[in-house]
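A quick write-up on the structure given underneath.
The values are calculated or read from the model by the stated rules, or taken from the named source; none is laboratory data. These numbers were taken from a predicted model, which means no experiment stands behind them. In this analysis, Cβ positions are derived from the backbone assuming ideal geometry, glycine residues included, and neighbour counts consider all displayed protein chains. Just the protein is used for accessible areas: all its heavy atoms, side chains included, with ligands, DNA and RNA removed. Shrake-Rupley method; radii C 1.70, N 1.55, O 1.52, S 1.80 Å.
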Amino acid sequence: VCVTNNCVIADDEKGHDLDLFCVPRHYESDLDKVIIPHGLIMDRTERLARDIIQDMGGHHIVALCVLKGGYKFFADLLDYIKVLNHNSDKSVPLTVDFIRVKSYCNDKSTNSVRVIGGDELSTLSGKDIVETGRTMQTLLSLLSECNPKMVKVVSLLVKRTPRSSGYRPDYIGFEVPDAFLVGYALDYNEYFRDLSHICILNDQAKEKYKV
Ligand code: IMP
Ligand code: MG
């Protein structure tokens, strides 16, 4: 079901069998289900691009990618924004920047959020997933020190979890169940970024790749 501003993936969503899609052999035994196929991610991202361009008016956008997990979403979102810029009367100049944050070990948030990089922290940020919201809130308070005209947060995923601080990004791709998800640049201890679909990791794999 799609509600007003994001697509909700229900808690009882069964997903799709792995054999119905192409999944790298080396991950076949680590995954339970494909929860968001790559094509659906792309279709939703195309629409987010349209909504963003509509709302931004003529403002220059500094698109800030939150690495590493946001890199696929960021690249694809910007490609769609570029297509709109190429083909419509209304277009906005776009520059890019990159920042790296790290807060996770295994499938748990650690209490520290480390931030590396970024030289011109200004307008729009693109992110992989918001769970508790702590990473994004830390980043937003850092960004506010640069006095940007406006900051809009675009996150592909937001998790429904009792651990949430209540923080909601400005644009959300999908609202997802409280499970550990991998693929499309989301990792478990650096593995699974090289998987196109968003999948649920099984418990065996959590042990296998534990650090
Ligand atoms: P938060 O600070 O609790 O909102 O966590 C956000 C960060 O935790 C994301 O940028 C990811 O790096 C990581 N994370 C949270 N949930 C997941 C997940 O299901 N899969 C992979 N990474 C996750
Ligand atoms: Mg990670």
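Compared with the alpha-carbon gap, the fully stretched path from Glu145 to Ile116 is longer by 8.9 nm at 0.36 nm per residue. Only Lys, Arg, Asp and Glu carry charge here, each on its Cβ (+1 for the first two, -1 for the last two); on that basis region 1-80 has a dipole of about 300 debye about its Cα centre.
Antiparallel as a % of all DSSP beta bridges within the chain, to the nearest 5?
On the way: 15 of 38 bridges.
Looking only at bridges with both residues in the chain, the antiparallel portion is about 40 percent.
By the helix-only formula, in which each DSSP H run with n ≥ 4 contributes -39500 (n - 2.57) and the sum is divided by residues, the chain has a 222 nm mean residue ellipticity of -8000 deg cm²/dmol. Under 17 Å of direct C-alpha separation, and excluding same-chain neighbours fewer than eight residues apart, Lys210 reaches these lysines: Lys102, Lys108.
Taking all protein chains as present, what is the carbon and sulfur share of the accessible area of the chain, in % to the nearest whole number, probe 1.4 Å? That share works out to 51 percent. Normalised by 2.2 N^0.38 Å, where N is the number of residues, the alpha-carbon radius of gyration of the chain equals 1.01. Residues of region 137-163 with amide nitrogen under 16 Å from the 7 Å Cα-to-Cβ point of Ser109? Zone members listed by number: 137-142, 155-163. Straight-line reach from Lys82: taking Cα to Cα under 25 Å and skipping same-chain neighbours fewer than 8 places apart, the lysines in range are Lys68, Lys72, Lys90, Lys127, Lys149, Lys152.
Other residues with beta-carbon under 11 Å from the beta-carbon of Ala10 carry, at +1 per Lys or Arg and -1 per Asp or Glu, a net charge of -2.
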